[in-house]
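Working notes, beginning with the structure itself.
Coordinate-derived values only; no laboratory data. None of the values given here were measured: they were computed from a predicted structure. FYI the Cβ positions are ideal-geometry reconstructions off the backbone, even for glycines, and counts take in every protein chain you see.
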Amino acid sequence: MQLKDKAALITGAASGIGLAIAERFAAEGAAVVLVDQDAARGEIAAAKIHHQSRKASFVQANLAEPVEIVRAVQTATERCGRLDILVNNAATFLPKVIEEISVPEWDFLMAVNLRAPFLLVQAALPALKAANGTILNISSTAGIKVFSPNLPYSTAKAGLITMTKSLAQELHPHRIRVNCLCPGAVDTPALHRDIEVRGGDSSAIDGMKEQGYLITPEQIAAAALHLVSDESGAITGSIVVADAGAMLA
């Protein structure tokens, strides 16, 4: 029970990586608040965790709207009475070449992928200071080694990596640790949708699996658990790659 009596807010938690993190944190004793725009899936996910005799609840929020971010953090803090862990996981994709990207599309992606983590930290800071808490930003290997067409997503994820380092430095006097986890290809609905939009099919997934580069959400959740637990108390400002070695290929 590595997170016993702690409270965690996880964004993008209705499915995929976020849901796996919420499930793992709850299994380790944390009260988890799942935040997502998809109310139907989010309620089902939180109910599933709750029915396993674990503390879980859901907050619907559009992270492109600053007022909804503040409301989500306030709700989570009120429900749990504290906030020890913030996981900035929510993200959106925009696999278009530069000529096709509109200003509203660019602004929306940046709002969700980069501005929202900043605003979430800002809103959660009083509670995190009180708890000497932990922040985990979920970036991507796309923020380190770009692939096209992926310009807005890669730019935002690279910005999140730099934000992590800056926050770790600024918040160190408050004993708040800030780290960044960069997954590679994770077998989630989002990955399947992204490959489909790019004109690929299941063979691309099969190829990654055969090469040993396809990661499960549970593997990412295990890495996330380590980074927010007391066992990694000396780790802050770190960028951890979890891609099964794909970037070395």
### Query
Is at least one residue of the range 22-38 over 25 Å from Pro183 (Cα atoms) and over 16 Å from the mean Cα position of the chain (by Cα)?
no
### Query
Name the pairs: first residue in the range 58-75 and in contact (Cβ under 8 Å) with a residue 60 or more places away in the chain, second residue not in a helix (DSSP H, G or I), Cβ to Cβ under 7 Å, at least 6 apart or on different chains?
Ala72/Val35; Ala72/Val59; Ala72/Ala61; Val73/Leu9
### Summary
Subset of the range 14-33, residues in a helix (DSSP H, G or I) and within 19 Å of Ala90 (Cα to Cα), comes to Gly16, Ile17, Gly18, Leu19, Ala20, Ile21, Ala22, Glu23, Arg24, Phe25, Ala26
### Task
Those residues that are touching a helix residue (DSSP H, G or I) at 6+ places or on another chain (Cβ under 8 Å) and free of Cβ contacts under 8 Å to residues at least 60 places away in the same chain, I need them from the range 217-237; list them, please.
His226, Ser232, Ile235
### Message
Among the residues that make up the range 94-106, is at least one of them among the β-branched types (Val, Ile, Thr) and within 16 Å of the chain's Cα centre (by Cα)?
### Response
no
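Quick grid of which residues meet (1) under 20 Å from Gly16 (Cα atoms); (2) in contact with a strand residue (DSSP E or B) (Cβ under 6 Å, 6 or more places away or on another chain); (3) not basic (Lys, Arg):
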{"position": "Leu83", "(1), (2), (3)": "no, yes, yes"}
{"position": "Pro104", "(1), (2), (3)": "no, no, yes"}
{"position": "Leu109", "(1), (2), (3)": "yes, no, yes"}
{"position": "Lys129", "(1), (2), (3)": "no, no, no"}
{"position": "Ala142", "(1), (2), (3)": "yes, no, yes"}
{"position": "Thr162", "(1), (2), (3)": "no, no, yes"}
### Task
Evaluate the range 85-99: report whether one residue or more is without any contact (Cβ under 8 Å) to a residue 12 or more places away in the chain and over 16 Å from Cys182 (Cβ atoms).
yes
